[in-house]
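**Q** Quick one: this structure, given as structure tokens, is what I'll be asking you about.
The values are calculated or read from the model by the stated rules, or taken from the named source; none is laboratory data. All of these numbers come straight from a predicted model, not from anything done at the bench. Reconstructed Cβ throughout: ideal geometry from the backbone, glycine too, with neighbour counts over all protein chains shown.
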Amino acid sequence: MIPPSFEYHRPSSVEEAVGLLSSLGSEAKILAGGHSLLPMMKLRFAEPEHLVDINRIPELKGVRVVGDNIIIGAMTSENAVIADPVLNEKVPLLPEAAKLIADPQVRNRGTIGGDIAHGDPANDHPALALACDAIMTIAGPNGTRQVPASEFFLGTYWTALEETDILTEITVKAFPQGAGYAYKKLKRKTGDWATAACAVVVALSGGSVSHIRITLTNLGPTALRAHDAESVLMGQSVNDDLIRQAAAKAMEICDPAEDLRGDAEYKTAMAGQMVQRAINEALAKVS
Amino acid sequence: MNAPVKTPEERKAELQGMGDSRLRKEDARFIQGKGQYCDDIKLPGMLHMDIVRSPVAHGRIKKINKDPAMAIPGVHAVLTADDLKPLNLHWMPTLAGDVAAVLADEKVHFQMQEVAIVIADDRYIAADAVEAVEVEYEELSVVIDPYKALEPDAPVLREDLAGKTEGAHGPRDHHNHIFTWEAGDKSAADDAFANAPVTVSQHMHYPRVHPCPLETCGCVASFDPVKGELTTWMTSQAPHVVRTVVSMLSGVPESKVRIISPDIGGGFGNKVGVYPGYVCAIVSSIVLGRPVKWSEDRMENISTTAFARDYHMDGHLAATEDGKILGLKVDVVADHGAFDACADPTKFPAGLFHICSGSYDIPAAHCSVKGVYTNKAPGGVAYRCSFRVTEAVYLIERMVDVLAQKLDMDKAEIRRKNFIRKEQFPYTSAFGFEYDSGDYHTALEKVLDAVDYDALRAEQEQKRSDPNCPTLMGIGLVTFTEIVGAGPSKICDILGVGMFDSCEIRIHPTGSAIARMGTITQGQGHQTTYAQIIASELGIPSEVIQVEEGDTSTAPYGLGTYGSRSTPVAGAAIAMAARKIHAKAKKIAAHLLEVAEGDLDWEIDRFKVRGNDEQFKTMADIAWAAYNQPPEGLEPGLEAVHYYDPPNFTYPFGIYLCVVDIDKGTGESSIRRFYALDDCGTRINPMIIDGQIHGGLTEGFAVAMGQQMPFDEQGNLMGNTLMDYFLPTAVETPTWETDYTVTPSPHHPIGAKGVAESPHVGSIPTFTSAVVDAFSHLGVTHIDMPHTAYRIWKKLKEEGVQL
């Protein structure tokens, strides 16, 4: 549990950080909260020669509102997400779901951007980003660009980020008026990743579903959006039977890896359970 | 103005003696981060050791190349079995009469086995050097299943034992067979079964688990080449025995070996044994003449230092049609791993497993335990229990439930019918144990009333009849008897040393005191509770009594702390040492008051002249006198030592009831209620007892609901981190309700029986009883642990239960 030696760099601006990544090349890794990277280094599964610590770059932290956009700095910690008044009012799914991530110590250092940029399908923010139609802002050697969450997650530990890129911001919009939301996460214990988890955002208009997002955590090589499950409910007046149908559709896209949490059959079944429970809870919150 | 005269009640309260919930003396330093653990020890010139471990579970070592590691600046040594051979330290004796490799000698027998050590200037260099040591293995067939290990053509695991047909505990009939140990009367048991109208059988596996103390194992060994003295700080639950073993292995006279157990962050049996890491650190310090530190990491701890359990059990009960048990038979296949390193009293290779007749009056009983080698790490320690008592209690409590189910009897009713009755104590069981005292019926009724058992059963009935109910409700009941306080030296020894324990008390001239003990606290709160015993015995306030343990150069010899033996054995030694002082104090008091001893009465903190409350001497007065004006013919000073050899074990008991609600959709269990009544005899500190019970129940919850060390067919231990190995946090831990009755031990000086392990031993089968009860209407009689959501979900599916 002792990492090999490495060089430590602590840039004070995004520009400086991108410059370091460009000059150090593929042996450099960004250190955000460190709760995925450092355990891997201690186990010597990851042996980067350079760590670029972006914790001291002030502009990467905090939540601000610009017009319709709610912009979350990538280095905003989970605890800061939980406490943020704007997110609690406008995108309450994010703070509520963040409470289910790991434990208080991890949430104190772990960041929303690190959780997303790691590309681990077991992390919670990718599915939440899909459910919130988030836009990722990426700084690289050629300036900044924006990538929607739906195009960001490419595979396990594989995202739209290049080696010399830094995820700087996550932009979301306020939920539709009166929308309900839920994140149901089945886990073995505090601190564990999800055996299966589901995020739902739903809004009704005249009793029928006018907006719906159903996304899944740790049930495939990336976070998944269950489009067919959404289609089952869209425009409908929801009942138990439709919810079961939606869950069945969501289960069809699951391709989870077997591990000590369970085999694929169990995890897929649990996906169905989480989808049903998340839809019910989200509907109960619709106002 | 004279100070107001205190009432006897006020004086008694000021002592904070037995029965007082005084706050723990230990906590001030722990909650401020001021504990001194092994890893806090830093000595000038100290080097660091790390261990090269085997990636394969069974293999022949073809070649070890140390050169790349030795080439790293700051590396002092790389040692293998070949380097230890000239010292004859490449193998070491185990507590169970076997030998264990210190460093793998030609073969590795389990994954993560110690193959080589490196000594370096710091921990980082040591870790780099471990990675640089090149070891070539030829992989051999792996045996994980103990039943397969006993097949005729199973791979030979222990080539060092080739041709050895006699083991430490009798004949070996197969190359992977360690021992077969029996207790009870087989023919009487067979007769009982032959004539019984009803018999039931159940196979069950008690999974391999790990005690997983928060602090892992480690040591700092410091050999002074000038003085020829070896001092070692070590995470040990038994420092005195370790000193004896180290002296025997190293040849350093025992008088020049000093073992110090500093603050210990939990033991739970994990810190009883002597591990290769300790031996290698000590050897390295002797060879290099510098202090050497070894601290294992979490994965090393879970993977290699002392697992617990792993018993495959077949239980059988014979009974009458109305549920009176006539006979018990048990057959166990015990997976001991690669070396038999179980920590048990020498004569008992299956510990005290033959307490498996439990709280019941069973006329005929027999058990047989077969120990087997497999390609897993050695161990088999008593994880928060007396030796194999957890397995025994699990077996009998499950079997009584199975019998009740077969007879369609309520599980409380069948227990009432079979309990040893209060008037039968002292009661000799079919296995020969003499149960000292108990009152099971009273305790059971108290629990059933407290939870309104009939209402719970009615609720369960109602839920079962509602197909839309999202949960299955189960009620678990366990009525266990423990056996602790090992033990009488006529039958209990460790490496030939009788399992007594000891106490030395010195009263200082100004009336404060120090007590030194052969035990060692690891969280039990000895520094708090031991002082309370002395306070009550001698009338000295607890606050001015220091308790010291763990340093073999200052403490009297004792066998250490495990198996709930501290209060039953060392606690008795305290009382007896105090009574020696009390007797001398009485002589001094008589001298000072110029009366005969027979004219004195003891009252709380003083001797008074009978019939005259004004004429008295307090223990403080007497202490002063002991150092300046002792009676003629009496030695000065006021101190005593007592070595207590218990006449019998003690037999704490408890009645536990658990209500579980199982989510039909996910298999998750919610422990709605857990009611634990414990009878540990005389209660010294109720707050600490509650803490012990909460801790034991939480560890029991962990074992029953999640802990497990799963292996794949190649012998890889899957899940040796705390991500997978279940240590519940406050979030998962149920709310505990505690209760008690008091049935003092008749043979113990203060009537105390020990309590720390009862909640672990008793709670585990309670959870299983509750989970199985949730399925019992479907005909399910048993479900093996751990009761994880995944495993329960599979059971729900198998039984066709759907949300």
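**Q** Are any of the residues in region B:407-414 within 30 Å of residue B:156 (Cβ to Cβ) and modelled with pLDDT of 95 or more?
**A** From region B:407-414, those within 30 Å of residue B:156 (Cβ to Cβ) are none; that's our starting set.
Checked against the condition, which is being within 30 Å of residue B:156 (Cβ to Cβ) and modelled with pLDDT of 95 or more, region B:407-414 yields no hits at all.
**Q** Criterion first (away from chain A (no Cβ under 14 Å) and part of a loop (DSSP other than H, G, I, E, B)) does residue B:755 satisfy it? Steps first, please.
**A** Values: away from chain A (no Cβ under 14 Å): yes; part of a loop (DSSP other than H, G, I, E, B): yes.
It is true that residue B:755 is away from chain A (no Cβ under 14 Å) and part of a loop (DSSP other than H, G, I, E, B).
**Q** Right, something else. Please specify each residue of region B:91-142 satisfying the condition of being over 28 Å from the mean Cα position of the chain (by Cα), over 20 Å from residue B:80 (Cβ atoms) and touching a residue at least 12 places away in the same chain (Cβ under 8 Å).
**A** The answer is B:121, B:122, B:123, B:141, B:142.
**Q** Moving to a separate point now. Tell me, please, whether a residue that is in the same structural domain as residue B:724 (by TED's automatic domain parsing), buried (at least 24 other Cβ atoms within 10 Å of the Cβ) and farther than 26 Å from residue B:715 by Cα can be found in region B:303-317.
**A** So far as region B:303-317 goes, yes, one or more of its residues are in the same structural domain as residue B:724 (by TED's automatic domain parsing), buried (at least 24 other Cβ atoms within 10 Å of the Cβ) and farther than 26 Å from residue B:715 by Cα.
**Q** While we're here: Just to confirm my filter: which helices (runs of 4 or more DSSP H) fall fully inside region A:101-160 and include at least 2 residues that are within 22 Å of residue A:20 (Cα to Cα)? Even if it seems obvious, please write down each step before you answer.
**A** Numbers: elements: A:104-109, A:112-117, A:125-131, A:149-152.
Once the helices (runs of 4 or more DSSP H) in region A:101-160 are filtered for at least 2 residues that are within 22 Å of residue A:20 (Cα to Cα), what remains is A:112-117.
**Q** Can I ask one more? How many residues, within region B:684-714, are surrounded by fewer than 20 Cβ atoms within 10 Å (Cβ to Cβ), in a loop (DSSP other than H, G, I, E, B) and away from chain A (no Cβ under 14 Å)?
**A** Of the residues in region B:684-714, 2 are surrounded by fewer than 20 Cβ atoms within 10 Å (Cβ to Cβ), in a loop (DSSP other than H, G, I, E, B) and away from chain A (no Cβ under 14 Å).
**Q** Name the residue that is surrounded by the most Cβ atoms within 10 Å (Cβ to Cβ), counting only residues in region A:43-97 that are among the hydrophobic types (A, V, I, L, M, F, W, C) and part of a loop (DSSP other than H, G, I, E, B). Explain how you work it out, then say what you get.
**A** Applying the first criterion (among the hydrophobic types (A, V, I, L, M, F, W, C)) to region A:43-97 yields A:43, A:45-46, A:51-52, A:54, A:57, A:60, A:63, A:65-66, A:70-72, A:74-75, A:80-83, A:86-87, A:91, A:93-94, A:97.
Right, trim to part of a loop (DSSP other than H, G, I, E, B) and you get A:43, A:45-46, A:54, A:57, A:74-75, A:91.
On the way: A:43: 13, A:45: 8, A:46: 16, A:54: 29, A:57: 21, A:74: 27, A:75: 25, A:91: 26.
Top of the filtered list is A:54.
**Q** Just to be sure, is residue B:55 assigned by TED's automatic domain parsing to the domain that holds residue B:284 and free of Cβ contacts under 8 Å to residues at least 12 places away in the same chain?
**A** no
**Q** Residue by residue through region B:655-669, note down the ones that are within 13 Å of another protein chain (Cβ to nearest Cβ) and either under 17 Å from residue B:757 (Cα atoms) or part of a strand (DSSP E or B) (or both). First the steps, then the outcome.
**A** The initial filter retains those residues of region B:655-669 that are within 13 Å of another protein chain (Cβ to nearest Cβ), namely B:663-669.
The answer is B:663, B:669.
**Q** Restricting attention to region B:670-683, which residues are assigned to a loop (DSSP other than H, G, I, E, B) and over 26 Å from residue B:401 (Cβ atoms)?
**A** B:682, B:683
**Q** Take residue B:259 and tell me if it is buried (at least 19 other Cβ atoms within 10 Å of the Cβ) and within 14 Å of chain A (Cβ to nearest Cβ).
**A** no
**Q** Output the number of the condition that residue B:756 fails; it satisfies all remaining conditions of (1) at pLDDT below 95; (2) surrounded by fewer than 18 Cβ atoms within 10 Å (Cβ to Cβ).
**A** Status for residue B:756: all satisfied but (2).
**Q** Would you kindly identify the helices (runs of 4 or more DSSP H) lying entirely within region B:365-452 that contain at least 2 residues that are among the small types (Gly, Ala, Ser) and under 26 Å from residue B:697 (Cα atoms)?
**A** Values: elements: B:389-407, B:411-418, B:440-451.
In region B:365-452, B:389-407, B:440-451 are the helices (runs of 4 or more DSSP H) which contain 2 or more residues that are among the small types (Gly, Ala, Ser) and under 26 Å from residue B:697 (Cα atoms).
**Q** Okay, moving on. Could you identify the single residue in B:788, B:781 that is touching a residue at least 24 places away in the same chain (Cβ under 8 Å), over 23 Å from the mean Cα position of the chain (by Cα) and within 14 Å of chain A (Cβ to nearest Cβ)?
**A** Numbers: B:781 fails: within 14 Å of chain A (Cβ to nearest Cβ).
Selected residue: B:788, the only one of B:788, B:781 that is touching a residue at least 24 places away in the same chain (Cβ under 8 Å), over 23 Å from the mean Cα position of the chain (by Cα) and within 14 Å of chain A (Cβ to nearest Cβ).
**Q** Looking only at region B:106-132, how many residues end up being surrounded by 18 or more Cβ atoms within 10 Å (Cβ to Cβ) and away from chain A (no Cβ under 14 Å)?
**A** Number satisfying all stated conditions: 11.
**Q** Report, by residue number, each residue of region B:731-743 that is away from every other protein chain (no Cβ under 14 Å) and either over 22 Å from the mean Cα position of the chain (by Cα) or of a type in the set (S, T, N, Q) (or both).
**A** Scanning region B:731-743 gives B:735, B:737, B:738, B:739, B:741, B:742, B:743.
**Q** Among the residues of region A:29-42, which ones are assigned to a helix (DSSP H, G or I) and more than 17 Å from the chain's Cα centre (by Cα)?
**A** A:38, A:39, A:40, A:41, A:42
**Q** What single numbered condition from (1) modelled with pLDDT under 95; (2) under 30 Å from residue B:130 (Cα atoms) fails to hold for residue A:105?
**A** Residue A:105 satisfies all of (1) modelled with pLDDT under 95; (2) under 30 Å from residue B:130 (Cα atoms) except (2).
**Q** Taking region A:260-274 as the region of interest, how many residues are more than 9 Å from chain B (Cβ to nearest Cβ) and among the hydrophobic types (A, V, I, L, M, F, W, C)?
**A** Residues flagged as more than 9 Å from chain B (Cβ to nearest Cβ) and among the hydrophobic types (A, V, I, L, M, F, W, C) within region A:260-274 amount to 2.
**Q** Which of the residues spanning region B:189-213 are among the hydrophobic types (A, V, I, L, M, F, W, C) and either surrounded by 15 or more Cβ atoms within 10 Å (Cβ to Cβ) or at pLDDT below 95 (or both)?
**A** Going residue by residue through region B:189-213, those that are among the hydrophobic types (A, V, I, L, M, F, W, C) are B:189, B:192-194, B:196, B:198, B:200, B:204, B:209, B:212.
Of everything in region B:189-213, those that are among the hydrophobic types (A, V, I, L, M, F, W, C) and either surrounded by 15 or more Cβ atoms within 10 Å (Cβ to Cβ) or at pLDDT below 95 (or both) turn out to be B:189, B:192, B:193, B:196, B:198, B:200, B:204, B:209, B:212.
**Q** I'd like the residue in region A:235-247 that is surrounded by 15 or more Cβ atoms within 10 Å (Cβ to Cβ) and more than 14 Å from chain B (Cβ to nearest Cβ) and, out of all such residues, is farthest from residue B:710 (Cα to Cα).
**A** Across region A:235-247, the extreme among qualifying residues is A:236.
**Q** Continuing with the same structure: Limited to region A:187-217, what total is found for residues that are within 14 Å of chain B (Cβ to nearest Cβ) and within 19 Å of residue A:107 (Cβ to Cβ)?
**A** Number satisfying all stated conditions: 9.
**Q** Select from region B:539-559 the residues that are touching a Lys or Arg at 6+ places or on another chain (Cβ under 9 Å), surrounded by 24 or more Cβ atoms within 10 Å (Cβ to Cβ) and assigned to a loop (DSSP other than H, G, I, E, B) and list them in ascending order.
**A** B:539, B:552, B:559
**Q** Continuing with this model, one more query. If the Cβ limit is 8 Å and pairs must be 6+ apart or interchain, which residue in region A:235-249 that is at negative phi and among the charged types (D, E, K, R) pairs with which residue that is buried (at least 16 other Cβ atoms within 10 Å of the Cβ) and assigned to a helix (DSSP H, G or I)?
**A** A:244/A:276; A:249/A:229; A:249/A:232
**Q** If you go through region A:212-229 one residue at a time, do you hit one that is modelled with pLDDT under 95 and of a type outside the set (Phe, Trp, Tyr)?
**A** no
**Q** Among the residues of region B:717-727, is any among the aromatic types (Phe, Trp, Tyr) and either away from chain A (no Cβ under 14 Å) or in contact with a strand residue (DSSP E or B) (Cβ under 8 Å, 6 or more places away or on another chain) (or both)?
**A** From region B:717-727, those among the aromatic types (Phe, Trp, Tyr) are B:725-726; that's our starting set.
Those still in the list that are either away from chain A (no Cβ under 14 Å) or in contact with a strand residue (DSSP E or B) (Cβ under 8 Å, 6 or more places away or on another chain) (or both) too: none.
No, region B:717-727 contains no residue that is among the aromatic types (Phe, Trp, Tyr) and either away from chain A (no Cβ under 14 Å) or in contact with a strand residue (DSSP E or B) (Cβ under 8 Å, 6 or more places away or on another chain) (or both).
**Q** Given A:83, A:102, which one is touching a residue at least 60 places away in the same chain (Cβ under 8 Å), over 24 Å from residue A:15 (Cα atoms) and touching a helix residue (DSSP H, G or I) at 6+ places or on another chain (Cβ under 9 Å)?
**A** Criteria check complete, one pass: A:102.
**Q** If you don't mind, there's one more thing I want to ask. Residue B:283 is checked against (1) within 30 Å of residue B:652 (Cβ to Cβ); (2) touching a helix residue (DSSP H, G or I) at 6+ places or on another chain (Cβ under 9 Å) and fails just one. What number does that condition carry?
**A** Among (1) within 30 Å of residue B:652 (Cβ to Cβ); (2) touching a helix residue (DSSP H, G or I) at 6+ places or on another chain (Cβ under 9 Å), residue B:283 violates only (1).
**Q** Give the residue that is surrounded by the fewest Cβ atoms within 10 Å (Cβ to Cβ), with candidates limited to residues of region B:560-582 that are in a loop (DSSP other than H, G, I, E, B) and touching a strand residue (DSSP E or B) at 6+ places or on another chain (Cβ under 7 Å).
**A** Result: B:565.
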